[in-house]
There are 2 protein chains.
Amino acid sequence: MRPTVYDIAAAAGVSLATVDRVLNRRPGVRLVTREKVEAAIRDIGYIRDVAAANLAKGRVYPLVFILPTGDNSFMHGLYGEVRQAMARSTFDRTEIRIVEVPAFDAPALVAALDALQGLDLAGVALVATDAPEVRAAVDRLVTAGIPVVTLVSDLTGSTRHHYAGVDNIGAGRTAARLLGRFLGGCKGDLTILAGSMLVRDHRERLEGFSSVMAAEFPQLRLLPVLEGRDDPEIANRLISEALSGSNSIIGIYSLGAGNRGLLKALKDTGQGRELTVVVHELTEHTRAALQDGTIDAVLNQDAGHEVRSAIRVMKATADGQDVIAGQERIRLDIFLKDNLP
Amino acid sequence: MRPTVYDIAAAAGVSLATVDRVLNRRPGVRLVTREKVEAAIRDIGYIRDVAAANLAKGRVYPLVFILPTGDNSFMHGLYGEVRQAMARSTFDRTEIRIVEVPAFDAPALVAALDALQGLDLAGVALVATDAPEVRAAVDRLVTAGIPVVTLVSDLTGSTRHHYAGVDNIGAGRTAARLLGRFLGGCKGDLTILAGSMLVRDHRERLEGFSSVMAAEFPQLRLLPVLEGRDDPEIANRLISEALSGSNSIIGIYSLGAGNRGLLKALKDTGQGRELTVVVHELTEHTRAALQDGTIDAVLNQDAGHEVRSAIRVMKATADGQDVIAGQERIRLDIFLKDNLP
DNA sequence: AAATTTTTGATTTACGTACATCAGAATTCG
DNA sequence: CGAATTCTGATGTACGTAAATCAAAAATTT
């Protein structure tokens with residue numbers, strides 16, 4: 001049988017009350033006594049039964065998700081996953097609140113973060129816009145003792161506890177190799193569509209993509225990056241213009257969202273052209289395009305996994321536990337038309 | 001606040017004891033009373049607090065993993081993951097036992113399954129060998145009320161509750177497309193190395209691979225399947241012979257385990273030849289080979305995810321709860337040298 | 001209607017932990 | 001040394017559920 005608080009008391013030769021004082025960092029225990037109890041805890045290998053403790057405490061985990069607004073399928077999916085997590089809140093004792101902020105808007109994000117100061121939260125998850133002031137605001141929350149995890153896009157240099165998202169440099173590199181190998185030895189130009197260079201994930205994908213392209217596929221030339229702000233309308237316009245303006249484009253890498261617009265442009269302007277296309281994020285639109293051969297590969301991050309992982313990590317961090325590392329690694333999914341879920 | 005058993009009692013106008021009798025299917029409740037209580041449960045939306053219930057019951061989940069012996073890295077990894085799960089057993093109230101059976105040995109598997117009859121188990125997970133007698137043995141366990149999940153390789157037609165593994169037909173198809181596209185328009189022969197056609201997962205991978213090859217890459221010819229029994233020694237011999245015997249081989253698909261032997265053959269016999277290689281299962285050997293360019297892609301199933309998923313599903317099935325479907329889907333991981341974890 | 005059986009209620013203990021209260025012991029201070 | 005302070009113990013309640021016991025009520029049978 002797993003040892004209990006009673007076993008600690010017996011082993012340390014103290015009363016239950018004292019054990020409790022030590023376990024819950026309550027005052028009124030002499031140093032020598034405290035050490036005696038802590039030694040007993042180690043000796044008998046006591047592990048707190050979190051379920052029982054939570055029951056006794058009536059513990060709930062108030063969590064906040066700060067999500068960007070945006071009319072693209074990926075964000076819709078992310079919202080959906082958070083809402084599903086809210087539906088499960090009775091089971092896992094969470095109380096989830098969603099805070100919406102405009103996309104790519106650092107000041108708004110900072111304001112949202114600072115508004116959380118002083119609230120009794122078990123964790124904050126945010127899709128980070130990469131800016132020094134955001135980093136500072138995150139650090140303030142961390143200093144205040146609130147677990148913070150970044151979601152989808154990281155904020156390196158900050159003191160956030162965890163990042164629940166994919167390795168975006170690796171994603172960009174992978175996209176480059178897929179495009180490069182799929183194109184065989186063909187020579188030509190590649191168009192890159194990004195959302196915004198303000199978010200770290202997009203910058204990193206581009207970085208990874210460019211470096212593999214330069215090193216291993218020199219016959220492919222990268223055209224200047226188009227910024228579509230993850231907006232289908234803008235993406236459509238930019239890609240249409242690019243395709244109309246050049247005949248040497250043989251491939252496209254879309255590293256952000258708003259692929260609905262890209263696909264429309266491919267249908268309208270790219271008609272009849274032999275294009276190899278790799279995009280990010282599996283949505284109903286990209287799935288259909290993958291199936292009908294309009295695009296060749298989709299790189300994806302599982303939003304559901306990201307949200308669930310973020311919640312697990314925030315809860316564990318909140319009560320000082322550790323997590324199963326392998327379980328919290330967010331994988332880059334590569335979808336061809338043959339392995340769609 | 002979430003409703004409790006007291007709220008049911010009040011709502012139904014009965015005593016706590018009666019509520020308990022209904023909730024735990026204990027005898028001694030008239031039909032009308034039972035229905036009154038059940039109506040109240042629905043009305044107030046009562047959900048049992050499983051943590052509290054388990055605490056009160058002192059519940060543990062005795063689980064059995066039936067795993068094949070075998071000297072290949074994938075199985076070693078699987079064992080390792082189960083052992084890690086055993087190390088976590090205090091936390092999730094499991095009591096895991098591993099039963100070893102010879103690989104590809106249906107009678108042994110049947111014997112192992114039947115030996116579990118009558119034991120008070122919360123679940124059985126097995127790597128299935130696909131045979132009618134195994135199916136029957138699994139069905140017997142299911143009939144006896146024990147949750148059964150298949151791991152890695154499925155057993156369709158049986159009444160197993162769940163399959164914790166990848167879609168192997170899709171995996172084969174994906175391998176075919178990767179090989180086909182990576183080879184550009186080249187014409188030539190492909191060698192296929194399997195473990196055994198006795199296990200469903202290998203048969204399915206081959207089936208998916210063959211169908212995509214036939215339909216979309218007619219310039220590539222498939223050589224007869226080599227069966228290496230997931231054994232590095234045998235794989236080495238078979239591949240060496242194949243490469244020595246033919247100069248028209250331009251690609252290899254290894255759909256089973258034992259890739260250590262394949263890699264040795266590639267190094268010894270395949271020296272200097274331009275081969276495009278796709279293999280299954282990420283191990284230290286295939287990882288290194290991917291990195292140094294010996295192989296081009298690795299398809300993988302995350303053994304850790306499979307084991308954890310199997311445990312979650314068995315526990316949930318054991319107490320009649322449902323699971324988060326998306327969380328239990330085992331994905332086919334595609335690794336290029338750029339997205340290695 | 002009495003005797004019997006079946007249902008139901010009331011109450012208690014337990015699971016492992018948290019937390020509060022109060023009395024008594026040990027320590028420190030003056 | 002006694003008084004004040006700090007520590008420690010003993011005890012009880014709570015969380016939400018399970019499970020057992022015994023008495024009382026209701027239903028059924030005779």
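Each value in this text was obtained by applying a stated rule to the coordinates, not by laboratory testing. A quick note: this is a predicted structure, and the numbers were derived from the prediction, not measured. Using ideal geometry, Cβ is built from the backbone for each residue, glycine included, and neighbour counts are taken over all protein chains shown.
Can you report the principal axis dimensions of region A:5-48 using only the alpha carbons, biggest first, rounded to whole angstrom?
23, 18, 14
Which of B:HIS202, B:GLY70, A:ALA176 sits farthest toward the positive end of the charge dipole of the protein assembly as shown, with +1 on the Cβ of Lys and Arg and -1 on the Cβ of Asp and Glu?
Going by the Cα projections, it comes out as B:GLY70.
Output needed for region B:298-341: three equivalent-ellipsoid semi-axes, defined as square roots of 5 times the C-alpha gyration tensor eigenvalues, in descending order, whole Å.
The equivalent ellipsoid of region B:298-341 has semi-axes of 28, 9, 6 Å.
Rounded to the nearest 20 debye, what is the charge dipole size of chain A about its Cα centre when +1 sits on each Lys and Arg Cβ and -1 on each Asp and Glu Cβ?
For chain A, the charge dipole is close to 940 debye.
Show me the ranking of peptides A:196-205, A:136-145 by mean Cβ neighbours inside 10 Å, starting with the highest.
Put in order of decreasing packing, that is A:196-205, A:136-145.
Residues of B:327-335, mean number of Cβ from any other protein chain within 10 Å of their own Cβ, rounded to a whole number?
Across the residues of B:327-335, the mean count of other-chain Cβ atoms within 10 Å is 5.
Can you tell me what the convex hull of the Cα atoms of region A:185-295 projects to on average, as an area in nm²?
Spelled out: convex hull of the Cα atoms, projected over all directions, averaged, 6.4 nm².
Whole-Å semi-axes of the protein assembly as shown's equivalent ellipsoid, largest first, each the root of 5 times a Cα gyration tensor eigenvalue?
Taking √(5λ) for each Cα gyration eigenvalue gives 46, 36, 24 Å.
Order B:328-338, A:299-309 from most to least packed using the mean count of other Cβ atoms within 10 Å.
Listed from highest to lowest mean packing, they are A:299-309, B:328-338.
Listed highest first by mean packing, meaning other Cβ atoms within 10 Å per residue, what order do B:129-135, B:287-293 come in?
B:129-135, B:287-293
Between Rg and the Kirkwood Rh of chain A, both from Cα atoms, what is the Rg to Rh ratio?
1.11
Could you list B:MET213, A:MET75 so that the one with the fewest beta carbons within 10 Å of its beta carbon is first and the one with the most is last?
By the 10 Å Cβ count, ascending: A:MET75, B:MET213.
Excluding same-chain residues fewer than 8 positions from A:LYS264, which lysines have a Cα within less than 26 Å of its Cα?
A:LYS187, A:LYS337
Using a 10 Å cut-off on Cβ to Cβ distances, tally the other chain neighbours for every residue of B:206-212 and report the average as a whole number.
For this peptide, the per-residue mean of nearby foreign Cβ atoms is 1.
Straight-line reach only, C-alpha to C-alpha below 29 angstrom: list the lysines that A:LYS315 could link to, leaving out same-chain residues fewer than 8 apart.
Of all the lysines, those that pass the test against A:LYS315 - Cα under 29 Å, at least 8 places apart if same chain - are A:LYS57, B:LYS57, B:LYS315.
Please report, for A:ASP20, the nm distances (one decimal) from its label point, 7 Å out from Cα along the beta-carbon direction, to the equivalent points in the remaining copies, shortest first.
Spacings between copies for this position, smallest first, are 2.5 nm.
Just how large is the dipole of the protein assembly as shown about the Cα centre, in debye to the nearest 20, putting +1 at every Lys and Arg Cβ and -1 at every Asp and Glu Cβ?
Around 1460 debye, computed over the protein assembly as shown.
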